[in-house]
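Take a look at the structure below.
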Amino acid sequence: MNGEGNSGPVFADPITADILLSVNGDERPITVDTRETLLDTLREHLDLIGAKKGCDHGQCGACTVLVDGRRVKSCLTLTVTVDDREITTVEGLAADGALHPMQAAFVERDAFQCGYCTPGQLCSAVAMVREVADGWPSAVTADVSGPAVLDDDEIRERMSGNLCRCGAYVNIVAAIKQVGS
Amino acid sequence: MTTVAAPYAGTALDRVDGPEKVTGRARYAYENLPADLAYAVVVQATVSRGEVRAVDADSVLQLPGMIAAIWHENAPRLAPVEDAELTVLQSPRVAYRGQVVAIVVAETLESATEAARLLRVDYRAEPHDVELRADHPGMYRPDHVNPNYATDSELGDPDTALAFASVVVDATYTTPAQHHNPIEPHATVALWDADGLTLYDATQSASGVRATIAPLFALPPESVRVISPYVGGGFGGKGAPHAQVVLAALAAKQVGRPVKLAATRRQMFAVTGYRTPTVQRVRLGADEDGRLSAIVHEAFEQTATIKEFAEQTTVVTRMMYAAPHRRTSHRLVRLDVPIPTWMRAPGETPGMFALESAMDELAVACGIDPVELRVRNEPTIDPERGLPFSSRNLVACLREGAERFGWAGRDPEPGVRRRGRQLIGTGVASSTYPVYRLPSQASARAEPGGGFTVRIAAADIGTGARTVLTQIAADALRVPPAQVRMEVGDSALPRASVAGGSSGTASWGTAVLRACEALMAALHRRSGDVPPGGLEASADTAEELRSQRPLSRHAYGAQFAEVGVDLDTGEVRVLRLLGAFAAGRIINPKTARSQFIGGMTMGLSMALLEESVMDLEFGDYLNRDLAQYHVAACADVRDVDAFWIEEEDPELNPMGSKGIGEIGIVGTAAAIANAVYHATGIRVRDLPIRLDRLIGGGI
């Protein structure tokens, strides 16, 4: 909060980089401050507001997006590090204006209230179902040598990086189970 | 008053804003990007009490991209108002650590963040006092408690009754400070133009923010517009404007450009409110059959030096159980701490943890089943107000909940049920929440092209208000919900009350219904003909609310919990939570269930995890992020369910509904603590139920 030392602040021009960002299938040339997180680039410069800022510290999961199909916390990802990757946000989950099955299940099961954690939950859920299908074990997988089964315990464990303060977890688990099984 | 039989109220309509929310199209406050936008970041005090001597604004202004550094010496003057939380940057005084002492504005968020980090602030620090103790010499009796209840109450002679009671419970319970932590941080985008001030704000009350902010800038209310169609959770924390709203407006005024400002998660632990910690002493006197002769409930709480918030912790005890002799009280101490505020069921939430824990202790002391004990102390009229209840189905909730939970045959012996390495126990607690209804206005409009638009400056903070109001309007207009366009979250719409006190559906629903009825009457007069410009009608419920007759109106519930406590670690897992509620007519079973189980989930979180730890040395809340302030995660929440009993109450509102946004959290923590006692034999009277409180208790 306070200044550092007695010699006053150091004045350095921001360092920028020109990159080509691939988001939801669109190639977007953009100049970014190298301090900029992917979350801030999406929200402040590309008007892709689906990814949410809840904590900016990787603790709440609201900023979760897919990078090359895997879930990452965009608040902990510097934009300059993903210029050669395929980024998918909640806006890119659905094709042709229809809802992705996970989005439809979230509506049907009322798996959200305020909706602020929802884009992160959705991206996380879509990637998580794929992780299970790919046989990735979790901390609650009893037999790590066999295929993982998408049961309630597995869903709860694997979705615990996405906080929901409205307390929609019960419905989130039901929605994911409906889609994943 | 008659309740209206209706086809859409009562059906499980999907949220009408669901598609917007799941596709990322819903635009929350910080996501507005007016042209020429600048970014603001606040700088917080690093002393808990004292004065700002100097701010080295000039140095940071040399940083690239900097626009302004604003502090009390160069800030625009605000008109004096009573609420010192809002008169930001007007004086050098620091009232608590984390208070905003400066704000920097830059071209980018990165530059503003950097400048806020580098800004040098010099202080003259004074010794601080941040420790809540029941015996603090500064304890005083507030004039009233939130929102407008008597501070104390007394009936009969409770001291004598306690002295002569066969069985006495005398126990002290504590609840820690808790922070709301909505996942959307408080945020405001402020924009000045020729018409005045526009605020895109994360708020539970667009009308309230307008009414509060306008006088600070010496503006008539109509020159302020507050827009908040989507709000990422509030839980009371966004009920009234906090400093960031004023700071954004003030900064935008200073720099002559639109400014956006959000509290960071860490800043929220100082500047956006919290629930006061409480110390509560409960004394119950009863005969050997558990019939109460005396109830005494005393609460000790904190508030800030610059603003009083008196949580109504013991008010619930005035109504809950029958007893001829009774006393409740509240005492506050002003400390050098951040400003507490409403947090989901203020009063009932901490108060019912204490009362319902004490009732469980009484059940144990009398050897009576805790469900039966509560039934036995059911009052026939409101014990302190002397009024009849409009409806009271606590007993039905206890009975039906017990039936569905499988309570019958419960062995009361604590600490004797083992399942693997877990001790298993069950617990129960009552739940309740008052029925509030506040004046509101609404308009309904028949569009020339077909369909209807209904407008009200209500807030849907995730409650489902937009959906439920659509259902109410559809019924009144006798059309399917798809033909009703519901507009909320904008102070330019007809003025509405705050999304608080679980009053939304009752307050806004009445206004929407009356506006729709007026429109239907106008249409009828025109034989259904909609003129080319459309046809509009409006309503104001102030008069209707004044004519409501005095009764004791509350929703009731019963919470049942089953826990497993790890014998080796003391880890508590809530295996099952079942809530039974009686809350009038349920307008949307889908969103209502979400409200109930959402509240219960927050109650589970309160019981086991949530605790804002005051750092006595430095005078601020120490664990100010989500890695250290734990809220329940998905893996913490297993089998949580709720149901409701049919309740017809014609003395509420035209919908026959009671509020459901807060009752879910009330009593949950007590049910879990009581289950932990049943599992382990250890009575945890201090929340949260941490591992050390069980291991230290000799599990």
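The values are calculated or read from the model by the stated rules, or taken from the named source; none is laboratory data. In this text the structure is predicted, and so the values were computed from the model without any measurement. All Cβ positions, even for glycine, are placed from backbone atoms using ideal geometry, and neighbour counts span all protein chains on display.
Okay, here's what the table says:
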| read-out | value |
| --- | --- |
| Flag if A:Leu48 is buried (at least 17 other Cβ atoms within 10 Å of the Cβ), closer than 30 Å to B:Leu119 by Cα and touching a residue at least 40 places away in the same chain (Cβ under 8 Å) | no |
| Matching entry among B:Ile586, B:Ile660, B:Ile672 (being over 20 Å from the mean Cα position of the chain (by Cα), among the aliphatic types (A, V, I, L, M), more than 10 Å from chain A (Cβ to nearest Cβ) and in a loop (DSSP other than H, G, I, E, B)) | B:Ile586 |
| Condition check for B:Glu543: outside any strand (DSSP E or B) and in contact (Cβ under 8 Å) with a residue 40 or more places away in the chain | no |
| Residue within the range B:517-529 that is buried (at least 24 other Cβ atoms within 10 Å of the Cβ) and either modelled with pLDDT under 95 or not in a strand (DSSP E or B) (or both) present | yes |
| Criterion: under 18 Å from A:Val170 (Cα atoms) and under 25 Å from the mean Cα position of the chain (by Cα) - qualifying residue of B:Val563, B:Val574 | B:Val574 |
| Leading residue by the ranking (surrounded by the most Cβ atoms within 10 Å (Cβ to Cβ)) among those in the range B:578-606 that are of a type in the set (A, V, I, L, M) and over 16 Å from B:Ala429 (Cα atoms) | B:Ala583 |
| Hey, B:Gly598 within 19 Å of the chain's Cα centre (by Cα) and either within 12 Å of chain A (Cβ to nearest Cβ) or in a loop (DSSP other than H, G, I, E, B) (or both) or not | yes |
| Total residues in the range B:611-623, condition in a loop (DSSP other than H, G, I, E, B) and either within 17 Å of B:Val94 (Cβ to Cβ) or within 11 Å of chain A (Cβ to nearest Cβ) (or both) | 3 |
| Strands (runs of 3 or more DSSP E) fully within the range A:56-162 counting 3 or more residues that are within 14 Å of chain B (Cβ to nearest Cβ) and surrounded by 19 or more Cβ atoms within 10 Å (Cβ to Cβ) | A:64-67 |
| Single unsatisfied condition, B:Val16 versus (1) modelled with pLDDT of 95 or more; (2) assigned to a loop (DSSP other than H, G, I, E, B); (3) away from every other protein chain (no Cβ under 13 Å) | (3) |
| Test: A:Asp40 is in contact with a helix residue (DSSP H, G or I) (Cβ under 9 Å, 6 or more places away or on another chain), of a type in the set (Asp, Glu) and crowded, with 19+ Cβ neighbours inside 10 Å | yes |
| Residue count, the range A:1-24 (criterion: in contact with a Gly (Cβ under 9 Å, 6 or more places away or on another chain) and modelled with pLDDT of 95 or more) | 2 |
| Test: residue in the range B:120-131 that is under 21 Å from B:Ala75 (Cβ atoms) and either among the basic types (Lys, Arg) or free of Cβ contacts under 8 Å to residues at least 24 places away in the same chain (or both) | yes |
| Strands (runs of 3 or more DSSP E) wholly inside the range B:50-156 containing at least 1 residues that are within 24 Å of B:Val259 (Cβ to Cβ) | B:50-55, B:66-71, B:100-106, B:121-125 |
| Selection from the range B:164-197 of residues that are touching a residue at least 60 places away in the same chain (Cβ under 8 Å) and of a type in the set (A, V, I, L, M) | B:Ala165, B:Val167, B:Val168, B:Val169, B:Ala171, B:Ala177, B:Ala187, B:Val189, B:Ala190, B:Leu191 |
| Selected residue [away from chain A (no Cβ under 14 Å), closer than 22 Å to B:Glu413 by Cα and modelled with pLDDT of 95 or more] from B:Ile689, B:Ile695, B:Ile645, B:Ile699 | B:Ile689 |
| B:His242 touching a residue at least 12 places away in the same chain (Cβ under 8 Å), within 23 Å of A:Gln113 (Cβ to Cβ) and within 14 Å of chain A (Cβ to nearest Cβ) | no |
| Output for the range A:35-55, where each listed residue is farther than 21 Å from B:Ala263 by Cβ and more than 9 Å from chain B (Cβ to nearest Cβ) | A:Leu38, A:Thr41, A:His45, A:Leu46 |
| Residue match in the range A:52-59 (condition: over 14 Å from the mean Cα position of the chain (by Cα), closer than 23 Å to B:Ser111 by Cβ, of a type outside the set (S, T, N, Q) and outside the structural domain of A:Asn162 (by TED's automatic domain parsing)) | no |
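For (1) within 14 Å of chain A (Cβ to nearest Cβ); (2) among the acidic types (Asp, Glu); (3) surrounded by fewer than 19 Cβ atoms within 10 Å (Cβ to Cβ), each residue gets a yes or a no:
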| position | (1), (2), (3) |
| --- | --- |
| B:Leu37 | yes, no, yes |
| B:Val43 | yes, no, no |
| B:Asp58 | yes, yes, yes |
| B:Ile70 | no, no, no |
